[in-house]
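Some notes on the structure that comes next.
The values are calculated or read from the model by the stated rules, or taken from the named source; none is laboratory data. Just so it is clear, the model here is predicted, and its values are computed rather than measured. Every residue, glycine among them, receives a Cβ derived from its backbone with ideal geometry; neighbour counts consider all protein chains shown.
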Amino acid sequence: MRSLTTEYHSGKEGLAVISRVLRVAPRKLVWQVARRYIAGPTLVDAVATIRSLNDVGFTTAVSYLGEHATTLTDCDQALHMYQEVLELIRTLRLRASLSVKPSQLGLKLHYHAFLDRAGALLAQAESLGTFVRWDMEDASCTHCTLEAYRALQRRYPNTGVVLQASLRRSLEDARRLSATPANVRVCKGAYREPADIAHHRREAIRQGYVQILRILLRAGCFVGIATHDAVLISAAKRLIEMYRVPPTQYEFEVLLGVRPERAQRLLADGHPVLVYVPFGQQWFEYSTRRFDENPQLLWTIARATLLGR
């Protein structure tokens, strides 16, 4: 049996290979794989995907691709897109919420300008009965995102945030959030962070994930259990049963196109399941991170490249 240390170093080598392949692979070729995980480049594509998911019982979280805006004009463009999404959710009666990256609305450009835009979006969402979750980005955004969430939540209860189990600080963040109680999505973490602030070993991340779930569920927070990991899904089920958590206080959350059979099984077993639906022109950047999380996708791209397909 391979040791965790061996798996970790092997994983690092795999990620390096993926990065090199992605830099030279034709975008059209990458799209042939990426389109499974992305609704499409347009809002029309997103609506079609949401409807198909709603029809079979899933709720959805819509995310307009793009992060780390470089100008306030970019921030306004992202805000207007999300406002358009909100109107369509109401008009078409979609079972959908928003999942927004704070840097899209200017978190790293101007904190108070971000709060203004975030407040405008939340006010509109509240008037339409819709929820907005602030995604967690790389570690440079963690503190400001949590501070902004706490500030916004005092005025707008229709908002939530994300904790990444890989970050060492997340246990303490969970304890602080549990006092509210908050609405929190828990994920493993999609960003490669330094070892002094993040766990790298799979088992350490799993242990942190379960500890965070325990803190939040026991406190009565609403928890989005965002994982495709069968070990963590089983652990979450045990905690839900242990604390007698009603279906109104949690949901399993999955990425579009990733291990859909597990999402279907959860739904069939009576658990609420939300599917994260990304769309937009910046699909390539999003795909790069997804490929990092799922190294097996590399071989699909490599094989297609070698065969000229």
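Which of (1) at pLDDT below 95; (2) buried (at least 21 other Cβ atoms within 10 Å of the Cβ); (3) of a type outside the set (A, V, I, L, M); (4) over 30 Å from Glu285 (Cβ atoms) is the odd one out, the single condition Pro181 does not satisfy?
Of (1) at pLDDT below 95; (2) buried (at least 21 other Cβ atoms within 10 Å of the Cβ); (3) of a type outside the set (A, V, I, L, M); (4) over 30 Å from Glu285 (Cβ atoms), only one is false for Pro181: (2).
Filter the range 234-266 down to the residues that are over 20 Å from Leu213 (Cα atoms) and among the aliphatic types (A, V, I, L, M), then identify the one that is surrounded by the most Cβ atoms within 10 Å (Cβ to Cβ).
Residues of the range 234-266 that are over 20 Å from Leu213 (Cα atoms), as a first pass: 256-261, 264-265.
Next, from what is left, pick out any that are among the aliphatic types (A, V, I, L, M): 256, 258.
Numbers: Leu256: 22, Val258: 17.
It comes out as Leu256.
Condition first: within 25 Å of Arg185 (Cβ to Cβ) and in contact (Cβ under 8 Å) with a residue 60 or more places away in the chain. Now tell me which residues in the range 42-55 satisfy that.
Residues of the range 42-55 that are within 25 Å of Arg185 (Cβ to Cβ), as a first pass: 43, 45-55.
Correct list: Leu43, Asp45, Ala46, Thr49, Ile50, Leu53.
So Ala198 ticks every box in (1) surrounded by 16 or more Cβ atoms within 10 Å (Cβ to Cβ); (2) modelled with pLDDT under 95 but one. Which box is left unticked?
(2)
If I filter the range 194-201 for residues that are assigned by TED's automatic domain parsing to the domain that holds Ala139, over 19 Å from Val161 (Cβ atoms), out of contact with any Lys or Arg (no Cβ under 7 Å at 6 or more places or on another chain) and among the small types (Gly, Ala, Ser), do I get at least one hit? Talk me through it step by step, then tell me what you get.
Step one: filter the range 194-201 for residues assigned by TED's automatic domain parsing to the domain that holds Ala139, giving 194-201.
Within this subset, residues satisfying the condition of being over 19 Å from Val161 (Cβ atoms) are 194-196, 199-201.
Restricting the remaining residues to those that are out of contact with any Lys or Arg (no Cβ under 7 Å at 6 or more places or on another chain) gives 194-196, 200-201.
Restricting the remaining residues to those that are among the small types (Gly, Ala, Ser) gives 195.
Yes, some residue in the range 194-201 is assigned by TED's automatic domain parsing to the domain that holds Ala139, over 19 Å from Val161 (Cβ atoms), out of contact with any Lys or Arg (no Cβ under 7 Å at 6 or more places or on another chain) and among the small types (Gly, Ala, Ser).
Please identify the pairs in which a residue from the range 146-160 that is under 11 Å from Arg133 (Cβ atoms) has its Cβ atom under 6 Å from the Cβ atom of a residue that is in a helix (DSSP H, G or I) and aliphatic (A, V, I, L, M), counting only partners at least 6 apart or on another chain.
Between residues of the range 146-160 that are under 11 Å from Arg133 (Cβ atoms) and residues that are in a helix (DSSP H, G or I) and aliphatic (A, V, I, L, M), the close pairs are Asn158/Ala125; Thr159/Leu122; Thr159/Leu152.
What number of residues within the range 131-141 are surrounded by 22 or more Cβ atoms within 10 Å (Cβ to Cβ) and free of Cβ contacts under 8 Å to residues at least 60 places away in the same chain?
Total meeting the criteria: 3.
Of the conditions (1) more than 21 Å from Leu86 (Cβ to Cβ); (2) within 19 Å of the chain's Cα centre (by Cα); (3) assigned to a helix (DSSP H, G or I), Tyr149 satisfies every one except a single condition; which number is it?
Status for Tyr149: all satisfied but (1).
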